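A.B. asks: The structure is given below, and queries will be raised subsequently.
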Amino acid sequence: MTDSSTENLNKNTLNIDISSSEDIVKMINNEDFNAVISVQKVLPQISKATDIIIKNFNNGGRLIYFGAGTSGRLGVLDASECPPTFSVPEEMVVGVIAGGDRALRHAIEGAEDRIDLAQEDFKNQNINKNDTIVSISASGNAAYVVEILRLAKETGCKTVAVTSNPNAKTKKFADVFICAETGAEVISGSTRMKAGTAQKLILNMLTTASMIKIGKVYKNYMIDVKPTNEKLKTRAVRIVADICKTTAEKALEVLKDNNYKIKHAVLNIKYGCDFEKSEKLLKENNGILRKVFEKLN
């Protein structure tokens with residue numbers, strides 16, 4: 001049997017339709033804890049996938065998510081948040097949803113069953129062996145994601161399957177199989193709930209941990225944030241001031257002068273490095289600020 005337990009009836013919510021609003025949200029909240037627990041159980045698999053992504057990033061590869069429906073939307077969401085958070089190129093982390101951009105807002109009936117769509121989307125991404133391909137599917141049985149992983153293996157890519165079904169068909173084609181067994185949903189089969197929550201947690205870990213390891217974070221400071229609004233500019237000033245133990249005025253002065261490059265500002269204030277020297281040092285140390293500090297101290 002290959003159907004996921006997410007299709008089963010949840011004995012804890014059988015009377016949800018006759019419950020008060022307060023009791024309904026309590027039931028949902030109680031079940032949400034299971035999503036967190038299910039992710040905790042697969043941390044070794046998530047870390048293994050992260051190591052693959054890091055290696056491929058360092059070799060110039062990309063992370064590409066593929067999914068349908070809720071799963072596809074979560075992949076697109078996670079990918080779209082990487083450029084502003086970590087100042088990476090948009091093509092470095094990509095989210096592809098079956099049915100295209102229209103599917104982000106509208107249900108595209110049958111898209112998850114379309115092998116031809118998978119083949120077209122895979123071809124359009126110009127995928128090579130340095131890319132990491134991640135399928136996202138609660139059941140792991142959708143023809144679209146199964147075909148994506150099959151093509152990825154054929155291309156020589158490393159593959160990761162994110163699912164809630166231990167018997168998922170994607171397992172056959174996955175180098176890393178991440179199965180967060182979230183169990184029966186509050187509403188039977190509604191995988192936008194617990195299964196979707198688990199997927200969101202996992203994708204957050206994959207990108208955040210990978211970005212940390214390639215030098216996008218110092219301590220827990222977001223040192224590669226792209227300051228595209230006043231809130232983020234204020235954050236950049238605070239980060240530089242904190243790291244350098246200087247005033248906000250001094251941090252702002254240097255950031256304005258270098259177009260809000262946080263790492264460069266830190267190296268300028270702490271060590272007197274001009275922009276060119278900072279750029280050279282960061283390049284030599286793969287953008288990892290701690291390594292530059294070790295070299296200059």
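A.B. asks: Considering the options 198, 221, 122, tell which one lies farthest towards the positive end of the dipole of the chain, charges being +1 on Lys and Arg and -1 on Asp and Glu at the Cβ, about the Cα centre.
C.D. replies: 221
A.B. asks: At a 10 angstrom cut-off on C-beta neighbours, averaged per residue, how do the peptides 30-36, 13-19, 69-75 rank from highest to lowest?
C.D. replies: Result, highest mean first: 69-75, 30-36, 13-19.
A.B. asks: A follow-up question, please. Under the rule a/c < 1.5 gives rounded, and otherwise a/b versus b/c splits prolate from oblate, where does the range 72-178 land using the Cα gyration tensor?
C.D. replies: rounded
A.B. asks: For the range 206-219, what does the Karplus curve 6.51 cos²θ - 1.76 cosθ + 1.60, with θ = phi - 60°, yield as ³J(HN,Hα) per residue in whole Hz, taken in order and with x for Gly and Pro?
C.D. replies: 4, 6, 5, 5, 5, 5, 4, 6, 9, x, 8, 9, 10, 6
A.B. asks: Shifting gears a bit: Using r as the Cβ-Cβ distance of residue 105 and residue 24, and R0 as 30 Å, what FRET efficiency do you calculate, to the nearest 0.05?
C.D. replies: 0.70
A.B. asks: Also, quick follow-up: Expected output is a single nm value to one decimal: the length gained when fully extending between residue 226 and residue 115, i.e. 0.36 nm times separation in residues minus the C-alpha distance. What is it?
C.D. replies: 36.2 nm
A.B. asks: May I pose another question? What distance in nm separates the two pseudo spin-label positions at residue 250 and residue 77, each 7 Å out from Cα along the beta-carbon direction?
C.D. replies: Simple spin-label model gives 4.2 nm for this pair.
A.B. asks: Further, regarding this structure: Remind me, relative contact order of the chain in percent, using alpha carbon pairs under 8 angstrom and six or more residues apart?
C.D. replies: Reported relative contact order: 21 percent.
Taken together, the values in this text are just the output of simple stated rules run on the coordinates, not laboratory data. Owing to the predicted nature of the structure, the values given are computational and were not obtained by experimental measurement. Here Cβ is always computed from backbone atoms with ideal geometry, including for glycine, and neighbour counts include all displayed protein chains.
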